[in-house]
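Input: a single structure, listed below in structure tokens.
The values are calculated or read from the model by the stated rules, or taken from the named source; none is laboratory data. Here the structure is a predicted model, which means the values were calculated and not measured. Glycine gets a Cβ as well: all are built from the backbone with ideal geometry, and neighbour counts include every protein chain shown. With ligands, DNA and RNA removed, areas are computed over all heavy atoms of the protein, side chains included. Shrake-Rupley method; radii C 1.70, N 1.55, O 1.52, S 1.80 Å.
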Amino acid sequence: MAGSPLHRTPDDAPLTVLVIGGGGRDHALCHAFAASPRLSALHAAPGNAGIATIGTCHPLELDDFDGMLALAHELQPDLVVVGAEDLLVAGLATRFEDAGFLCLGPSRIAATLEGSKLFAKELMERAGVPTPAWRSCDDVESAYRAIEEIGGGGGVAVKADGLAAGCGAFVCPTPEAARAAVDRLMVERIFGDSGARVLVEQLIDGDEASVMAIVDGEHVVPLPAARDYKRLGDGDVGPNTGGMGAHAPSTDVGGDEAVELARAVIQPIVDELRAEGTLYRGVIYAGVMLTADGPQVLEYNCRFGNPETQALVRVLGDADLLDLLHRAATGRLDGVDAIVASGAAVAVCVAAEHYPDLQLEPAPVHVAGLDAARQVDGVALFIGLASAGATSDEVRALGGRVVTVSAWGEDFSTAVERAYAAADRIRLDGSHLRRDIGQPALVAVHAGC
């Protein structure tokens with residue numbers, strides 16, 4: 001029988017950790033946990049070919065919640081970390097907590113912060129967090145009207161209310177494009193019931209930053225801000241994806257400013273949820289647009305960003321991420337300082353052919369050249385949903401963002417050079433990647449000289 005969810009282990013005791021997930025973000029978290037002096041044993045379900053090199057993987061289906069709970073009863077982990085938003089929204093963290101296991105991840109109710117954009121917008125209004133003007137629409141006709149009212153004849157953003165694998169937001173420069181987005185979401189139902197309701201949002205100008213913080217229900221510990229590259233093509237063209245790369249720290253938000261932003265746009269959300277009877281323990285990610293009139297929050301995520309995490313874990317310096325997450329899960333972040341970035345990191349996603357077209361059935365792909373890529377100084381490879389190949393040089397995957405090349409350097413110039421030197425050694429038929437990840441950071445650094 002598992003013990004009480006809180007304070008099951010002393011502050012400095014070794015930890016057996018179970019990570020629920022099998023993507024690149026989960027591999028990056030496991031990579032950080034493996035460096036912690038507190039780690040005793042690392043398990044992942046289902047894990048992937050990369051995680052298998054540093055921990056023990058258990059081949060369960062991600063929707064097998066009963067199997068996950070049975071595994072936890074077998075392993076008796078000191079901490080469970082749930083990585084993916086759909087699992088959190090479905091209440092997996094709540095299931096673990098109810099079974100007596102200490103789990104880092106918001107409850108089912110708290111995870112609605114990401115599970116419903118309407119919930120998040122209404123919460124922002126109650127908490128006084130600035131956000132672009134918006135309308136919630138339950139049918140096509142009201143969405144068409146909102147396009148005219150919000151856009152004034154110009155462009156708007158159209159967003160699925162529910163989860164859509166990071167691809168449910170459409171930036172529409174014209175009313176015609178916006179109506180087409182509404183039709184895809186509400187009529188064609190390309191994301192199923194997630195598009196039964198849409199939000200039509202005002203388009204605003206500025207630079208976007210990914211602001212993340214670790215939360216213990218009351219206290220917020222800001223992490224270095226990052227920049228995500230959501231669009232498919234260089235220069236931010238093409239459809240939205242789950243993210244084609246990232247760099248950290250953000251050059252649009254300095255270290256002190258990142259801390260101030262987290263206090264301004266994440267702390268009020270935590271406070272409002274707590275006041276309403278919902279304790280949020282986990283990670284909150286705010287997508288923030290930096291406008292001439294101040295920051296505006298576009299959305300919240302209830303977990304670490306993907307692929308921001310693949311860059312973020314490389315710049316944590318001496319910070320012990322596992323210890324921080326254990327403190328968050330046990331409500332003990334009071335007095336912990338914000339994390340200061342060490343060096344620079346650039347993460348480049350190597351995606352399979354057709355990504356991000358989620359309507360196509362994923363086809364198995366063979367990836368090689370991994371050993372050669374790992375030989376580049378400062379490079380770590382974070383594997384997506386892939387199983388091991390015949391050698392360490394290859395993996396077998398089912399499409400998507402197969403490998404994320406994460407390169408660290410003392411400066412962005414070095415990190416960018418290393419990332420692409422490694423990415424060019426990876427062999428995957430039909431693959432594509434952006435060639436401008438980190439370039440805005442180089443421009444910003446040079447402009448500041």
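At-a-glance table
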quantity: Estimated translational D of region 113-263 in µm²/s (Stokes, Kirkwood radius over Cα pairs; 10 °C; 1.306 mPa s); calculated: 96 µm²/s
quantity: P(r), alpha carbons of region 234-376 - 5 Å bins starting at zero, rounded %; calculated: 2, 7, 12, 19, 19, 15, 11, 9, 5, 1, 0
quantity: Cα shape, region 144-217, gyration tensor, a/c 1.5 rule; calculated: oblate
quantity: Inter-part distance where region 78-154 and region 328-380 are each reduced to a Cα centre, Å; calculated: 24 Å
quantity: Spacing of the two label points (7 Å from each Cα toward its C-beta) at ARG332 and GLU353, in nm; calculated: 5.3 nm
quantity: Environment charge at ASP252 (Cβ cut-off 10 Å; Lys +1, Arg +1, Asp -1, Glu -1); calculated: -2
quantity: Over region 342-449, volume per residue of the alpha carbon convex hull, in Å³; calculated: 98 Å³
quantity: Quotient of C-alpha Rg and 2.2 N^0.38 Å, computed over region 54-131; calculated: 1.30
quantity: Charge sum, other residues only, whose C-beta stays under 13 Å from SER136's C-beta, Lys/Arg counted +1 and Asp/Glu -1; calculated: -1
quantity: Protection-proxy order for peptides 233-245, 183-195, 394-406, each taking the mean of Cβ atoms within 10 Å per residue, highest first; calculated: 394-406, 233-245, 183-195
quantity: GNM result for the chain, Cα springs below 10 Å: residue of LEU322, LEU92, LEU69 fluctuating most strongly; calculated: LEU69
quantity: CD proxy at 222 nm, helix term only [per DSSP H run n ≥ 4: -39500 (n - 2.57); per residue of the chain; nearest 500]; calculated: -8000 deg cm²/dmol
quantity: Net charge of neighbours whose Cβ lies under 12 Å from the Cβ of GLY238, counting Lys and Arg as +1 and Asp and Glu as -1; calculated: 0
quantity: Orientation-averaged projected area, Cα convex hull of region 243-325 (nm²); calculated: 6.5 nm²
quantity: Extension reserve of the GLN76-GLU176 stretch, reckoned as 0.36 nm per residue once the Cα distance is removed; calculated: 30.5 nm
quantity: Within the accessible area of region 172-216 (1.4 Å probe), percent carbon and sulfur; calculated: 43 percent
quantity: ³J(HN,Hα) computed for each position of region 186-194 - Karplus, 6.51 cos²θ - 1.76 cosθ + 1.60, integer Hz, glycine/proline x; calculated: 9, 9, 6, 6, 5, 10, x, 5, 4
quantity: Ratio of the Cα radius of gyration of region 283-338 to 2.2 N^0.38 Å, where N counts its residues; calculated: 1.35
quantity: 1.4 Å probe accessible area per residue over region 322-436, in Å²; calculated: 43 Å²
quantity: The chain: radius of gyration over Cα atoms, expressed as a fraction of 2.2 N^0.38 Å; calculated: 0.93
quantity: Relative contact order [Cα under 8 Å, 6+ residues apart], the chain, whole percent; calculated: 16 percent
